[in-house]
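Trainee: Below is a structure I'd like to ask you about.
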């Protein structure tokens, strides 16, 4: 297993610590300051190592949010279909850039949880299969899938709803959304994963379709 560590040069101390921790778990890592030699072409080396990696860990900080190279590495990892692992350093989830805003992030103070997940993947641990119980077949109602489009008038729930899962990505209702509970607004854009941008918060958040009711 190989992890590409994307970071700002100002955060190399944290990136080096994460790299050392992963190496101790038996994970190969790419870190530009240790893996790109003098005279090598930087963008070509990054491209090669991104292709070879299994995951791209993105160390997000105030510095990396303004880093040209970090944004390039995020775009390259997404284009190659790599698992993206955002780790937050001195920023909150609402500061995450749009290309990875829907990925479940870990604060650096909770990075041990990521290490545990890596160990499970290395060990090939998967949840045990559920036992099937033979029962008389009953018709199962098919839930109606909500659909919205640009310009729809929608109402937000009166009470804070649960998070919504999209595959292995969790879409969370955040504290700043609470001020809009019960209000009506307009859909200004929708995404293929059934989330919407709303006019009510100047398109700051992605809202799951399950939280919206068409007016």
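Every read-out reported here was derived from the displayed coordinates using simple, explicitly stated rules and does not represent laboratory data. What you see is a predicted model, and the numbers here were worked out from it, not measured in a lab. Counting neighbours? That spans all protein chains shown, and the Cβs are built from the backbone with ideal geometry, glycine included.
Trainee: What FRET efficiency do you get for residue 17 and residue 181 if R0 is 41 Å and r is their Cβ-Cβ distance, rounded to the nearest 0.05?
Mentor: 0.55
Trainee: If you average 1/r over every pair of different alpha-carbon atoms in region 2-123 and take one over that average, what Kirkwood value in Å do you get?
Mentor: In region 2-123 this quantity evaluates to 14.4 Å.
Trainee: Now for a different question. For the pair residue 120 and residue 149, what calculated FRET efficiency results from E = 1/(1 + (r/R0)^6), where r is the Cβ-Cβ distance and R0 = 41 Å, to the nearest 0.05? Kindly include the intermediate steps, with their values, before the conclusion.
Mentor: On the way: r = 40 Å, r/R0 = 0.98.
Between residue 149 and residue 120 the formula returns 0.55.
Trainee: Can you sort 45, 8 from fewest to most other Cβ atoms within 10 Å of each residue's own Cβ?
Mentor: Listed from fewest to most nearby Cβ atoms, that is 45, 8.
Trainee: While we're here: Give me the angle, in degrees from 0 to 90, between the Cα long axis of helix 42-52 and the longest principal axis of the Cα atoms of the chain, rounded to the nearest 10.
Mentor: The angle comes out at about 60 degrees.
Trainee: Right, another one. As a check on your grasp of the helix formula, calculate [θ] at 222 nm for the chain: sum -39500 (n - 2.57) over DSSP H runs of n ≥ 4, divide by the residue count, round to the nearest 500. Don't jump to the answer; show the numbers that get you there.
Mentor: On the way: 5 runs with 53 residues, N = 215.
One gets -7500 deg cm²/dmol as the mean residue ellipticity at 222 nm.
Trainee: Take every Cα pair under 8 Å in the chain that's 6+ residues apart, average their separations, divide by the length, and report that relative contact order as a whole percent.
Mentor: Computed value for the chain: 15 percent relative contact order.
Trainee: With a 10 Å cut-off between alpha carbons and a GNM built on the chain, which of 52, 150, 73 moves the most?
Mentor: Residue with maximal mean-square fluctuation among 52, 150, 73: 150.
Trainee: Arranged by the count of other C-beta atoms within 10 angstrom, fewest first, what order do 145, 58 take?
Mentor: Lowest count first: 145, 58.
Trainee: Measure nothing fancy, just the Cα-based angle from helix 111-123's long axis to the longest principal axis of the chain, in degrees from 0 to 90, nearest 10.
Mentor: Between helix and principal axis, roughly 80 degrees.
Trainee: Restricting things to Cα coordinates, could you compute the convex hull volume per residue of the chain in Å³?
Mentor: 167
Trainee: Could you give the C-alpha radius of gyration of region 153-214 expressed as a fraction of 2.2 N^0.38 Å, taking N as the number of residues it contains?
Mentor: Values: Rg = 10.7 Å, N = 62, 2.2 N^0.38 = 10.6 Å.
So region 153-214 has a normalised radius of gyration of 1.01.
Trainee: If you don't mind, there's one more thing I want to ask. Restricting to bridges with both residues inside the chain, how much of the DSSP beta-bridge set is antiparallel, in percent to the nearest 5?
Mentor: Counting only bridges with both partners in the chain, antiparallel ones make up about 50 percent.
Trainee: Have a look at 203, 77, 123 and tell me which one the Gaussian network model of the chain (Cα, springs below 10 Å) gives the largest fluctuation.
Mentor: Taking springs between Cα atoms under 10 Å, the residue moving most is 123.
Trainee: What ranking of 4, 209, 30, 159 emerges when the number of other C-beta atoms within 10 Å of each C-beta is taken as an exposure proxy, fewest first? List each step's numbers first, then the result.
Mentor: Numbers: 4 25, 209 19, 30 22, 159 7.
Sorted ascending by nearby Cβ count, the order is 159, 209, 30, 4.
Trainee: Against the longest alpha carbon principal axis of the chain, how many degrees, from 0 to 90 and to the nearest 10, is the axis of helix 12-24 turned?
Mentor: 90
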